[in-house]
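See below for the structure under consideration.
The values are calculated or read from the model by the stated rules, or taken from the named source; none is laboratory data. Everything numeric in this text was worked out from a predicted model, so none of it was measured. Cβ placement follows ideal geometry from the backbone for every residue including glycine, while neighbour counts extend to all protein chains displayed.
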């Protein structure tokens, strides 16, 4: 049942937001947006946010750790893409950096290799430079760092028998 915007009191909004935060991790900026759409003033929204933080429902550090874990493990995103998405949600740079350090280096490289190998199978019989360009674009679009994906792409192409210039 939807609550009419006019009928949303700060206390009702607090209860709805607390229930939302209890179901899944939320960024404070996302919750603030919902509160404003529910008709709260910016001051009321901030008061609700403060109460949610005090109650342990909202925690940007916890949210950033969960976001990094999920986007890396389930979506195959690299550090750059994850970082940009968290910045867009208004997460502090120090929190983002700390959360990104939780990615295991060996697992990071293995994930990149696995994604590139799967993508390389779909390159078909492209010319070596076209195949290389396609893999480089793919790795960059996934948010991996160039210093990580350039050597990985070259290694995969060598394994596939492409001659490198």
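Within the range 128-151, restricting attention to residues that are buried (at least 19 other Cβ atoms within 10 Å of the Cβ) and over 21 Å from the mean Cα position of the chain (by Cα), the residue that is nearest to residue 82 (Cα to Cα) is 135. Evaluated against (1) more than 30 Å from residue 138 (Cβ to Cβ); (2) part of a helix (DSSP H, G or I); (3) touching a helix residue (DSSP H, G or I) at 6+ places or on another chain (Cβ under 8 Å), residue 40 falls short on exactly one condition, (2).
In contact (Cβ under 8 Å) with a residue 12 or more places away in the chain and either surrounded by 18 or more Cβ atoms within 10 Å (Cβ to Cβ) or in contact with a strand residue (DSSP E or B) (Cβ under 6 Å, 6 or more places away or on another chain) (or both): does that describe residue 83? Spelling it out, residue 83 is indeed in contact (Cβ under 8 Å) with a residue 12 or more places away in the chain and either surrounded by 18 or more Cβ atoms within 10 Å (Cβ to Cβ) or in contact with a strand residue (DSSP E or B) (Cβ under 6 Å, 6 or more places away or on another chain) (or both).
Matching residues to (1) in contact with a helix residue (DSSP H, G or I) (Cβ under 6 Å, 6 or more places away or on another chain); (2) outside the structural domain of residue 154 (by TED's automatic domain parsing):
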residue: 12; (1), (2): no, yes
residue: 30; (1), (2): no, yes
residue: 44; (1), (2): yes, yes
residue: 65; (1), (2): yes, yes
residue: 71; (1), (2): yes, yes
residue: 81; (1), (2): no, yes
residue: 112; (1), (2): yes, no
residue: 119; (1), (2): yes, no
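Could you say whether any residue in the range 58-73 is modelled with pLDDT of 95 or more and surrounded by fewer than 12 Cβ atoms within 10 Å (Cβ to Cβ)? Within the range 58-73, none of the residues are modelled with pLDDT of 95 or more and surrounded by fewer than 12 Cβ atoms within 10 Å (Cβ to Cβ). Screening 19, 28 for residues that are at pLDDT 95 or above, within 20 Å of residue 54 (Cα to Cα) and loosely packed, with under 11 Cβ neighbours inside 10 Å leaves exactly one candidate, 19. Taking the numbered list (1) exposed (fewer than 11 other Cβ atoms within 10 Å of the Cβ); (2) in a loop (DSSP other than H, G, I, E, B) in turn, residue 102 passes all entries but (1). Out of curiosity, is residue 41 loosely packed, with under 12 Cβ neighbours inside 10 Å and under 25 Å from residue 19 (Cβ atoms)? The answer is yes for residue 41.
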